[in-house]
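Here the structure comes first, spelled out in structure tokens, and everything after it is commentary.
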Amino acid sequence: MGEGQKLRFGLVGGGEGAFIGAVHRLAAELDGEAELVAACCGSTPERARRAAQAIYRVPAERAYGTTREMFAAERSLPAARRMHFVIIATPNSSHVTIAGEALEAGFHVVCDKPLAADLATAEVLRDHQAASGCRFAVTYNYTGYPMVREARELIAAGGLGAIRRVQCEYLQGWLAEPLEAVNKQASWRTDPARAGASGCFGDIGSHAENLVSYVTGLRIAHLCADLASFVPGRRLDDDGNVLLRFHGGARGVISASQVAVGEENALRLRVYGEHGGLEWSQQEPNSLLLRLADRPLQVLRTGTGGLGALTTMSTRLPGGHPEGFLEAFANIYRGFMADLRGTPAGDYPCLEDGIRGMRFLDRVVASDRAGGVWVAVEENA
């Protein structure tokens, strides 16, 4: 994989009625470093081939009916034609099986979050990856925003002093009504067989946990969870709050809801240390608010001077030109593909981030089912 050569990738999932498959494709191809060459996009062979051709314009000979067919056929192609990596954009319960097949066939993997339907299954991927020697990315895409990366660098440099309090909330309102029977996305996200043991927290609370971990560098020692299902008949949580105790003494809370009527994608992070605090909102992503003791409020902006190296590298446009969700997603792919080329130029969430996220969800569900007791999460920082 030399400099200037486009990386070739395949897509699993993202079929009829899905939105995230197209997002993955756009993000991977945004910087002109990769191209989609193969796909398997449905739950039956017929639908998978049809969607691959109709939605993604994949040639018929590389529109596959099953993942096993896809990986076997791609592996048999000459090196100059076969795909380098595969994107997995399917319901949670299928991630590990598909990723295991891909790694066994020698393909690098980019997988949606959460990593699996349960922690034990997710941990199986460690052995698969170790045996394959392949790279593995998990698309916690909010870590790709430039000002999220600026917040991380600022905290790592001691700009806030020792962290005392972390508050993260992710509020949506789209599941305030029982959409399970009429909406494909609602159907699988509220189905324990496909989503796992958590609904709202598995879907968006997992993003909040990863954002907190990425920005602060803190690890959760204990947590206490309170989950709720407000919509009658819903089998998984659609709202919840989790109290956090971090190694080192900091405290925090993660709140997530998909029944917060009127909210869109209100992901917001606030971190407070000995000397100040910072705040970032996904709906105003190009600004980072910095509050230092005895100083006026500072608003740091994407594309301006005085920002960190990783922040600057993660920004494509001059200041004042909005960059958002797709560009942040593309930054994850940029870091991953740089790693594949052997020229690391950034960072991206890896397999261990996905496993840590699954451990968090496992302990959230365990705490809630035990009546909201405090449970241990990570023994060591």
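Is the shape of region 1-61 best called rounded, prolate or oblate, per the rule: a/c under 1.5 gives rounded, else a/b larger than b/c gives prolate, else oblate, with a ≥ b ≥ c the square roots of the Cα gyration tensor eigenvalues?
In terms of gyration-tensor shape, prolate.
Report, in debye and to the nearest 20, how large the dipole of region 7-141 comes out about its Cα centre when Lys and Arg carry +1 and Asp and Glu carry -1 on their Cβ.
It comes to approximately 300 debye.
Taking the Cα of residue 16, stepping 7 Å toward and past its beta carbon, and measuring to each backbone N in region 165-209: which are under 14 Å?
Inside the label zone: 184.
Enter the angle in degrees (range 0 to 90, nearest 10) between the Cα long axis of helix 146-156 and the first principal axis of the Cα atoms of the chain, meaning the one along which they spread out most.
50 degrees
Counting DSSP beta bridges with both partners in the chain, what percentage is antiparallel, nearest 5?
60 percent
Can you compute the equivalent ellipsoid semi-axes for region 7-141, i.e. the square root of 5 times each eigenvalue of the Cα gyration tensor, sorted largest first and rounded to whole Å?
Here the semi-axes work out to 21, 17, 15 Å.
To the nearest 10 degrees, how steep is helix 351-369 against the longest Cα principal axis of the chain, on a 0 to 90 scale?
60 degrees
Taking loop as defined by DSSP and a crowding limit of 16 other beta carbons within 10 Å, which chymotrypsin sites (Phe, Trp or Tyr not before Pro) in region 230-283 fit?
In loop regions of region 230-283 (DSSP not H, G, I, E or B), the sparsely surrounded chymotrypsin sites (Phe, Trp or Tyr not before Pro) are 230.
Need one number: convex hull volume per residue for region 152-207, Cα atoms only, in Å³.
119 Å³
Specify which residue in the list 32, 42, 12 is farthest towards the positive end of the charge dipole of region 1-44, using unit charges on the beta carbon of Lys, Arg (+1) and Asp, Glu (-1), about the Cα centre.
Checking the options against the dipole of region 1-44, the answer is 42.
Would you mind getting me the FRET efficiency between residue 54 and residue 370? Use the beta-carbon distance for r and R0 = 51 Å, nearest 0.05.
The value I calculate is 0.60.
Work out, step by step, the length gained on full extension between residue 43 and residue 235: first 0.36 nm times the residue separation, then minus their alpha carbon distance; give nm to one decimal.
66.8 nm is the gain from fully extending residue 43 to residue 235.
In debye, nearest 20, what is the charge dipole magnitude of the chain about its Cα centre with +1 on Lys and Arg Cβ and -1 on Asp and Glu Cβ, if you could check?
Magnitude of the dipole: close to 420 debye.
Taking the inverse of the average 1/r across all pairs of different Cα atoms in region 314-374, what Kirkwood radius in Å do you get?
With all distinct Cα pairs of region 314-374 included, I get 14.5 Å.
Taking a temperature of 37 °C and a viscosity of 0.692 mPa s, what whole-number D in µm²/s does Stokes-Einstein yield for region 179-316 with Rh from Kirkwood over alpha carbon pairs?
For these conditions, the coefficient is 191 µm²/s.
What value, in deg cm²/dmol to 500, does the helix sum -39500 (n - 2.57) over DSSP H runs of n ≥ 4 give at 222 nm once divided by the residues of the chain?
After summing the helix terms and dividing by residue count, I get -10000 deg cm²/dmol.
Could you compute the FRET efficiency for residue 275 and residue 313, with r as their C-beta to C-beta distance and R0 at 41 Å, rounded to 0.05?
Result of the calculation: an efficiency of 0.95.
Quick one: work out Rg over Rh on the C-alpha atoms of region 253-381, Rh as Kirkwood radius.
1.01
Taking the alpha carbon gyration tensor of region 230-299, what are the square roots of 5 times its eigenvalues, largest first, to the nearest whole Å?
30, 18, 7
Assign one of three labels to the chain, namely rounded, prolate or oblate, based on the Cα gyration tensor with a ≥ b ≥ c the square roots of its eigenvalues; rounded applies when a/c is under 1.5, prolate when it is not and a/b is larger than b/c, and oblate otherwise.
Cα axes put the chain in the oblate bin.
Using the Cα gyration tensor of region 193-249, with a ≥ b ≥ c the square roots of its eigenvalues, what is the shape: rounded (a/c below 1.5), prolate (a/b larger than b/c) or oblate (neither)?
Taking the square roots of the gyration eigenvalues as a ≥ b ≥ c, region 193-249 is prolate.
Relative to the present Cα-Cα distance, how much length would full extension add between residue 193 and residue 292 at 0.36 nm per residue of separation?
Stretched out fully, the residue 193 to residue 292 stretch lengthens by 30.9 nm.
To the nearest 0.05, how large is the calculated FRET efficiency for residue 301 and residue 61 if R₀ is 45 Å and r is the Cβ-Cβ distance?
FRET efficiency, residue 301 to residue 61: 0.40.
Only loop residues by DSSP count here, and only those with at most 10 other Cβ atoms within 10 Å; note down the chymotrypsin sites (Phe, Trp or Tyr not before Pro) in region 293-348 that meet that.
Answer by residue number: there is no such site.
Identify, among 182, 267, 96, the residue whose Cα sits farthest towards the positive end of the charge dipole of the chain, taking +1 on the Cβ of Lys and Arg and -1 on the Cβ of Asp and Glu, with the dipole about the Cα centre.
96
Scan the chain and hand back the longest stretch that contains none of the trypsin sites (Lys or Arg not before Pro) lying in DSSP loops with at most 11 other Cβ atoms within 10 Å.
Here the longest segment lacking exposed loop sites spans 82-381.
Coordinate-derived values only; no laboratory data. Because the structure is a prediction, the values reported are computed rather than measured. Neighbour counts run over all protein chains shown; Cβ positions are idealised from the backbone, glycine included.
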